[in-house]
Amino acid sequence: MKKFIEELKRRNVIKASLAYLVIAWIIVQVAQAVLPTFGAPDWVLKALIIGLAIGLPIWIIISWIYEITPEGIEKTAKESGSELVTQATNKRLNAFIIISLSIAVIVLTLNLTNVFSSNSDKKYSIAVLPFKDMSSEDTQWFCDGVTDNILNHLSPLKNLLVISRTSSDSYKGTDKRIPEIMKELDADYILEGSVTKHNNKVKIIVQLINTNDEHIWSKEYTDSFDDIFAVQQNVSKEIAKKLIKTLSPEEEKFIGEHLTDNKEAYQLYLNATALYEETGGTKETLERVIKMFQHAIDLDPNFTSAYAYLAGSYYGWGNKAKPFEEVEDKINDLLNKALEINPNTPAIYRIKGLIEWEEYNRIESAGEYFKKALKLNPNDPWSNYMYGQYFWDKPAPDVKNTLKYWRIAQRLEPLTKSFNRGLFNALIRNDKIEEAEELHHKTSFLYKSDINIYRESLINVFKNKDWMESIHLFEKELEKDPKNIFFIKQLALNYRDILIDRKKASQYVRLAYELDSINNTRSLIWDLVFNNKMKEVKLTFDETMYENYLWYDAYLNGTPDKAMEYFNKKEFDKPKNKILTFSKKGDIDSINELRAKHKISNVHMASVYANLKERDSMYHYMNSISKITDALSVNYKREFDPYRKEERYKAFLKKNYLPLTHWNE
């Protein structure tokens, strides 16, 4: 054994192995810092580490066989030769190891100081929990005002993620301990407080807590209750300044100003925004909210945010109470008035961006408005989400930037389903499957069991790169619960979209209808229309829906002119249906006119060019899809039946983990 060790030393195997380990460590450290910047998937780093590990024994063998000499790399002599050669090799390896260790120290130092790491962009997050009302009389409205004012002062800070009130308010009256709340909200800090009013005095106690459940600081404020609005403003601003000095001292100058000096207007504003969030913006709610915002403006004609939110309420925030044409002038007048009073109001640009996008199809202009809104308030979750959606829906999707902004939106609103759903999809789309799985387990309590199983199916699909995983999972779940309509309908979709097995899909649709005819009428009718069985459509449905079925039947099985007849009715004026019909007619001018006015998805554009038999454009749009299920939306459509045997179509299937079937033979 001793002789073997001596031979290792003579051949410099030990020093060569040490040099290899140092260099490998440097490579891994640099890769950990650099790869996320380029959006590299998780497997790249894993593959690199595995490759380096495999390379070590190979390197040891090479260093046993060869050595570095003054004449270059030569085969090591079987017996000890020139002492000078051995010393020269030793010196070269020593120098190489010293240089490598120096580089390693530099890399380690840079990592620790966040200079060479993406962690330098880390933002600490804080949640302001609803202040507790400890008074004998009801002063919860005052507590809510203090909470909202603190959030308003903190929101403009660029280096601090301020979790929205929507998520924080869910813990009002909760028995959960602070560490549990922090874990659910993914918060680095919690600010909590209480308010006690006695006679004409008010006492406010606040404390800041970190992830270790340690109290960073606390303070008690006592003031007169004569001017309650001034008390709210003064206390919240002092708390905000203290937080900034503790967490982000360089940004004290960014403390936000209060929205209005009129306490009644402010209370109306708070009540209106809370009412909308609680109800989700139904038509009746919007009417009430509009009256409340208008009343707030009547009380304070310079209340900029009230103008902006009133404009948003008229628009409906995506759930329109009236056609846009009827309220367009009113909305623009309100937004222009808000701009005139205070052009630095973030909500103005968020609403403008939404309208530019949804109504005028000016996507790039919408992106600029969302960007402006975020510059003024980086802690607005909806502006972050919309900006991410802008990158997602661009003609050339930028899913890396989508992930960036949807991460922020989800951290600001960690208990909002739509933000969690968006982040989950963006993670999968960016091949970050392990992180998506971690998010799924962390937020599963937000969803019903059926939805959680659906998310698990997506994880399986993209982990194994095979959409058949979805069919396998739902078939197993259906065996456990044979009357689960969600599983039945999901299998109907899977057989239709993945395997193009329309007969099997129809069987599952009919089974779902037999179990629940009321909630599955629409699915059955669509299935009948899709399979050319209009004569069987004898069920009851509203006239507009019936027209939709008739159009689709005419589009698939009739003539373009017959399909065009259904566009004479105003309620059936759907751009996506029109553009498909125009493509059947070969009407390029009408297609271009519609595209200029309306947002048409890449899936629909691929269908349009499939009808036009323009393969290059069709495949361009097929390969530009962004949503993780868009490949399924393409695959099931009948417009693509003539192309399924083409090599480019097969390549599309392979890229999107879809199997080849008899359709592709």
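A short reminder: the numbers here are calculations on the coordinates, not readings from a lab. No experiment lies behind these values; they were computed from the predicted model shown. A quick note on method: Cβ atoms are made from the backbone with ideal geometry, for glycine too, and the neighbour counts reach across all protein chains shown.
Of note:
- Built amide H within the under 5 Å cut-off of residue 221, gap 5+: 204, 205, 206
- Dipole magnitude of segment 541-664, debye to nearest 20 (Cβ charges: Lys/Arg +1, Asp/Glu -1, about Cα centre): 560 debye
- Given their separation in residues at 0.36 nm each and the Cα-Cα distance between them, residue 214 and residue 44 gain 57.3 nm when the chain is fully extended.
- Normalised convex hull volume, segment 399-548, alpha-carbon set, Å³ per residue: 147 Å³
- Rounded, prolate or oblate (a/c below 1.5 giving rounded, otherwise prolate when a/b exceeds b/c) for segment 285-360 by Cα gyration tensor: oblate
- Simple spin-label estimate for residue 448 and residue 264 in nanometres, 7 Å along Cα-Cβ: 4.5 nm
- Projected over every direction and averaged, the convex hull enclosing the alpha-carbon atoms of segment 541-664 yields 8.3 nm².
- Checking the cross-link pairs 442/465; 432/597; 465/650 against a 25 Å limit on the alpha carbon distance flags 432/597 as lying beyond it.
- Near residue 265, once Lys and Arg are set to +1 and Asp and Glu to -1 for all other residues with Cβ below 9 Å from its Cβ, the sum equals -3.
- Shape of segment 263-462, Cα gyration tensor, a/c cut at 1.5: prolate
- DSSP-loop chymotrypsin sites (Phe, Trp or Tyr not before Pro) across segment 309-367, with at most 16 other Cβ within 10 angstrom: 360
- Debye log10 I(q)/I(0) for segment 313-431, one point scatterer per Cα, at q = 0.10, 0.21 Å⁻¹: -0.31, -1.19
- Prolate/oblate/rounded label for segment 386-426 (Cα gyration tensor, a/c 1.5): prolate
- For GluC sites (Glu not before Pro), the sites in segment 131-227 that DSSP calls loop and that have at most 16 other Cβ atoms within 10 Å are 137, 214.
- Cα-Cα P(r), segment 463-540, percent of pairs per 10 Å interval: 19, 48, 25, 6, 1
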